Amino acid sequence: MTLTEHLPILIIIVPLFAAILMPLTGVVNRSLCWYFTVLVTFVVFLIAISLVCNVMEVGRISYRLGGWEPPWGIEYVVDSLSVFVLLVVSFIAFAVAVYARRSVEAEIPAGKVPLFYSVYMLFITGLMGVTITGDIFNLYVFLEITSLSIYTLIAMGPNRRALIASFNYLILGTIAGTFVLIGVGYLYMVTGTLNIADLGVLLPKLYGSSAVLTAFAFFTVGLSLKLALFPLHIWLPNAYSYAPSVVSAVVAATATKVGAYVLLRILFTVFSVDFDLSVVPVTYILIFFASLAIIMGSVLALSQTNIKRMLAYSSIGQVGYIVLGAALTNELALTGSIIHIFNHALMKGSLFLVVGIVVYKTGVTDISEFKGLGRKMPITMAAFTLGALSMIGAPLTVGFVSKWYLALGAIDAGMWFLVPVILISSILTAVYFWRVVEKIYFYKPDTVYEVEPVDSGFEPGTDGCIVSRLEAPVTMLVPTVVLSILCIVFGIAATLPVEIASRAARLLLGGG
Amino acid sequence: MIETILGKYNYWIYIALMMIGFYAMVAKENLIKKIIGMSVFQTAVFLFYVSMAKVTGGTAPIEMHHAKLYDNPLPHTLMLTGIVVSVSTTAVALALIIRIYKAYGSIEEDRILDVEKESSGFE
């Protein structure tokens, strides 16, 4: 077998081994850890790209672990949906890894830095595993690997409230994970298989069974908790606001997206569209809660004074969009939902990275203290503005593309009343981002920050050059700017991601 | 009726244990008690898996020569993994509780909230 055939397993093995080697690397030389992390995430990103090429060429790739045939052995499946999510997650992981160095140095005690990167690698392993696996019990295990590493990463936050946030998330995350495990148990009980594709074949005959209905209920509630669908969102704001900046960015951009991916898999691959529509009216329930999430996320974001918390609540609203697209169960809406996984990762990633820079440079997280930052860090704030415009859904940005498809999908499903929901939420989003943008550009700074390059512990010119007085080092600035520019690039040249997303949507709806 | 209650008693026990654990996780104020609840909650699910593996009259799947009927070994192996996940979660939770105790001087939720209120009052 050539190396290419083993890519689906390498995408998990590489970060997993890196996680083990990271503390050893730290023993040799602490500063090597960052280089190692960047290298590994880059390799993972390359693997994801080559998987995309393979899938575009040959369609679905099935990898048999240890050579055992699918329904019995564990199978890894790369199809147009999972490869899309793999690409998004690995790209964000790489961008954030490049960014991480300075921010991690500033927020995490030096002795713990190698462990931080080690857990970061485990987190990537978990996300990749959840996305690529074709075995439902394997999916549960990877989900728990992801969750455990998120708890640890959040607990590394500088404020002691991070501990409480992490603990609360641990309790709720474990409830969610165990619910998924119970769901897996009921499905195994009636079908005797754990293979996702095989379940999709066997289940339609058993749709009347109460065990199947129970399994479905446990899956839906458990996953809604994992991806923070509105009434089950309470763990999210604290977790995002007290985590280290790097962690907020990467978790907000990837973890809930992978949760949404799992929900799509359960709704459409394990169960079928027929089941979602006719056996239980789950789509109506999800549409209701998703609309509630979209509106309430924006309303709650409006009342926040802390920028991280505002972005966290806005994430809750954005999760609503993804679930809404899934619940409308037609090709257009589903395309919108899948593409929003990508778009939201880009824009929320760039916004959280900007906040990380502001925290690194000035230490403020209060929106009222953003006064006049536009003059001090023009590039960073331009990135923020681009991200904000995308969140609002201004034309020519990625936010517009996904909202457009969602609106078309809503009309297509005959639910025109969802269009005003999307519009109202966009207006609210505009209002709460405008508050920040106004502070940034139209107020004079009332405090003068005396942070000079020397204070942050590095010499200008050697490694990070200072673009202007308060502008961040290059390693932080470049990933942030790249993400926000991509918000525009894929807003204008939307064809490529839309094509992959609509392929994935057709795949989920059973059209091939 | 009696058949469903007595014949499937292990499933009833699983549900009872699960609800007890779930209640403790949500309602108890002491963080350690929450973790105890979490363990009960997860262990209940192991019972559920092991129960479904039982084949009436079946024996342990290691005795290859004498018996004709074996219990399904797969749920047992799945639960080995489940136990690993549960132990790791408990370990992370206990480590967090130690750090919470160091930071707040208490593991009671209401006391922690009080400490939090006092400190934010001074800011």
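Could you give the nm distance between label points at B:I32 and A:F442, where each point is 7 Å from its Cα heading toward the beta carbon?
Result: 5.7 nm between the two label points.
For A:E57, B:E116, give the ranking by accessible area with the largest first, probe 1.4 Å.
Values: A:E57 155, B:E116 35 Å².
Of A:E57, B:E116, the descending order of accessible area is A:E57, B:E116.
Between the range A:111-158 and the range A:182-217, what is the C-alpha centre distance in whole Å?
Distance between centres, Cα-based: 27 Å.
When ranked by the protection proxy of mean other Cβ atoms within 10 Å per residue, highest first, what sequence do the peptides A:140-150, B:87-97 form? Don't jump to the answer; show the numbers that get you there.
Details: A:140-150: 24.5, B:87-97: 16.9.
Output ranking for A:140-150, B:87-97: A:140-150, B:87-97.
Note down the relative contact order for chain B as a percent, whole number, built from C-alpha pairs under 8 angstrom at least six residues apart. Before the final figure, lay out each step's value.
Details: 112 pairs, mean separation 26.7, N = 123.
Reported relative contact order: 22 percent.
If you line up the long axis of helix A:418-442 against the longest principal axis of chain A, both from Cα atoms, how many degrees apart are they, to the nearest 10?
Approximately 20 degrees, to the nearest 10.
For chain A, what's the relative contact order in percent, using C-alpha pairs closer than 8 Å and at least 6 residues apart? Spell out each step's value before the answer.
On the way: 887 pairs, mean separation 76.6, N = 512.
RCO, chain A: 15 percent.
Considering just Cα atoms, how many Å³ per residue does the convex hull of chain A enclose? Don't jump to the answer; show the numbers that get you there.
Working: hull volume 67.8 nm³, N = 512.
It is 132 Å³ per residue.
Compute the separation of the alpha-carbon centres of the range A:1-62 and the range B:1-52 and state it in Å as a whole number.
After rounding, the separation between the Cα centres reads 40 Å.
Please give, to one decimal in nm, the separation of the simple spin-label points placed at A:A493 and A:A217, each 7 Å out from Cα toward the Cβ.
5.0
Summed for both chains, how many Å² of accessible area, to the nearest 100, are buried between A and B with a 1.4 Å probe?
Numbers: alone 18740 and 9050 Å², together 24770 Å².
Rounded to the nearest hundred, the buried surface is 3000 Å².
Could you give the length gained on full extension between A:R64 and A:V201, defined as 0.36 nm per residue of separation minus the Cα-Cα distance, in nm? Before the final figure, lay out each step's value.
On the way: separation 137, 0.36 × 137 = 49.32 nm, distance 1.89 nm.
My answer for the length gained is 47.4 nm.
In sequence order, what are the phi-derived ³J(HN,Hα) couplings for the range A:151-156 according to the Karplus relation 6.51 cos²θ - 1.76 cosθ + 1.60 with θ = phi - 60°, rounded to whole Hz, with x for glycine and proline?
Per-residue couplings from phi come out as 4, 5, 4, 5, 5, 7 Hz.
Report, to one decimal in Å, the Kirkwood hydrodynamic radius for the range A:33-180 based on all distinct Cα pairs.
Values: mean 1/r = 0.0601 Å⁻¹.
Its Kirkwood hydrodynamic radius stands at 16.7 Å.
Over 17 Å, how big is the tail of the calculated P(r) for the range A:120-241, in percent of all Cα pairs? Each step should come with its number before you reach the end.
Working: 4405 of 7381 pairs.
Looking at the range A:120-241, the distances longer than 17 Å represent 60 percent of pairs.
Taking +1 at the Cβ of each Lys and Arg and -1 at the Cβ of each Asp and Glu, which of A:N159, A:S402, A:G387 sits farthest along the dipole of chain A towards its positive end, judged by Cα position relative to the Cα centre?
Checked the options; the winner is A:N159.
Projecting each Cα onto the charge dipole of the range B:2-122 (Lys/Arg +1, Asp/Glu -1 at the beta carbon, about the Cα centre), which of B:M19, B:I107, B:T43 comes out farthest on the positive side?
B:T43
For A:144-153, what's the mean count of beta carbons from other chains sitting within 10 Å of each residue's beta carbon?
Details: counts 7, 2, 0, 3, 6, 1, 0, 5, 3, 0.
Across A:144-153, the average partner-chain Cβ count within 10 Å equals 3.
From the cross-link list B:K33/B:K102; A:K257/A:K348; A:K308/B:K34; B:K33/B:K117; A:K444/B:K117; A:K205/B:K8, which pairs have alpha carbons spaced over 21 Å apart? Walk me through the numbers before you get to the answer.
Values: B:K33/B:K102 18 Å; A:K257/A:K348 11 Å; A:K308/B:K34 29 Å; B:K33/B:K117 23 Å; A:K444/B:K117 33 Å; A:K205/B:K8 25 Å.
The pairs that break the limit, which is 21 Å between Cα atoms, are A:K308/B:K34; B:K33/B:K117; A:K444/B:K117; A:K205/B:K8.
Whole-Å semi-axes of the range B:2-122's equivalent ellipsoid, largest first, each the root of 5 times a Cα gyration tensor eigenvalue? Walk me through the numbers before you get to the answer.
Working: eigenvalues 351, 60, 9 Å².
Output for the range B:2-122: semi-axes of 42, 17, 7 Å.
Which net charge results for the neighbourhood of A:S402, defined as the other residues with beta-carbon distances under 14 angstrom from its beta-carbon, given Lys and Arg at +1 and Asp and Glu at -1? Walk me through the intermediate numbers first.
Numbers: positive: A:K257, A:K348, A:K403; negative: none.
Summing Lys and Arg as +1 and Asp and Glu as -1 gives +3.
Starting at the first residue of the range B:44-49, write each ³J(HN,Hα) from the Karplus equation 6.51 cos²θ - 1.76 cosθ + 1.60 with θ = phi - 60°, in whole Hz, x for Gly and Pro.
Computed from phi, the couplings for the range B:44-49 are 4, 5, 4, 4, 4, 5 Hz.
Other chains' Cβ within 10 Å of A:266-274 residues: what's the mean? Provide the component values of the computation, followed by the final result.
Values: counts 0, 0, 0, 0, 0, 0, 0, 0, 0.
Rounded to a whole number, the mean comes out at 0.
For the range A:33-97, which chymotrypsin sites (Phe, Trp or Tyr not before Pro) are both in a DSSP coil and crowded by at most 12 other Cβ atoms within 10 Å?
A:W68
Which one of B:G82, B:G21, B:G58 has the biggest mean-square fluctuation once chain B is modelled by GNM with Cα springs under 10 Å?
Top of the fluctuation ranking is B:G58.
Taking every DSSP beta bridge with both residues inside chain A, roughly what % is antiparallel (nearest 5)?
Details: 7 of 8 bridges.
In chain A, DSSP labels about 90 percent of beta bridges as antiparallel.
Specify which residue in the list A:S245, A:L227, A:M22 is farthest towards the positive end of the charge dipole of chain A, using unit charges on the beta carbon of Lys, Arg (+1) and Asp, Glu (-1), about the Cα centre.
Toward the positive end, the furthest listed residue is A:S245.
Which FRET efficiency, nearest 0.05, do B:I15 and B:T81 yield, Cβ-Cβ r, R0 25 Å?
Details: r = 23 Å, r/R0 = 0.90.
For R0 = 25 Å, the calculated efficiency reads 0.65.
Give the accessible area for A:E331 in Å² (nearest 10); use a 1.4 Å probe, count only protein heavy atoms, and leave out ligands, DNA and RNA.
80
I'd like the mean, over residues of A:157-168, of how many other protein chain beta carbons sit within 10 Å of each residue's own Cβ.
Values: counts 0, 0, 1, 9, 6, 3, 10, 9, 0, 5, 12, 2.
Neighbouring Cβ atoms belonging to other protein chains average 5 per residue here.
What number, in percent, do you get for the relative contact order of the range A:103-234 if the mean sequence gap of Cα pairs under 8 Å and at least 6 apart is divided by its residue count?
About 21 percent, as a whole number.
The values are calculated or read from the model by the stated rules, or taken from the named source; none is laboratory data. Not measured: the values here are computed from a predicted model. Neighbour counts are summed over all protein chains in view; Cβ atoms, including those assigned to glycine, are modelled from backbone coordinates with ideal geometry. Areas reflect the complete protein model, heavy atoms only, side chains present, ligands, DNA and RNA absent. Shrake-Rupley method; radii C 1.70, N 1.55, O 1.52, S 1.80 Å.
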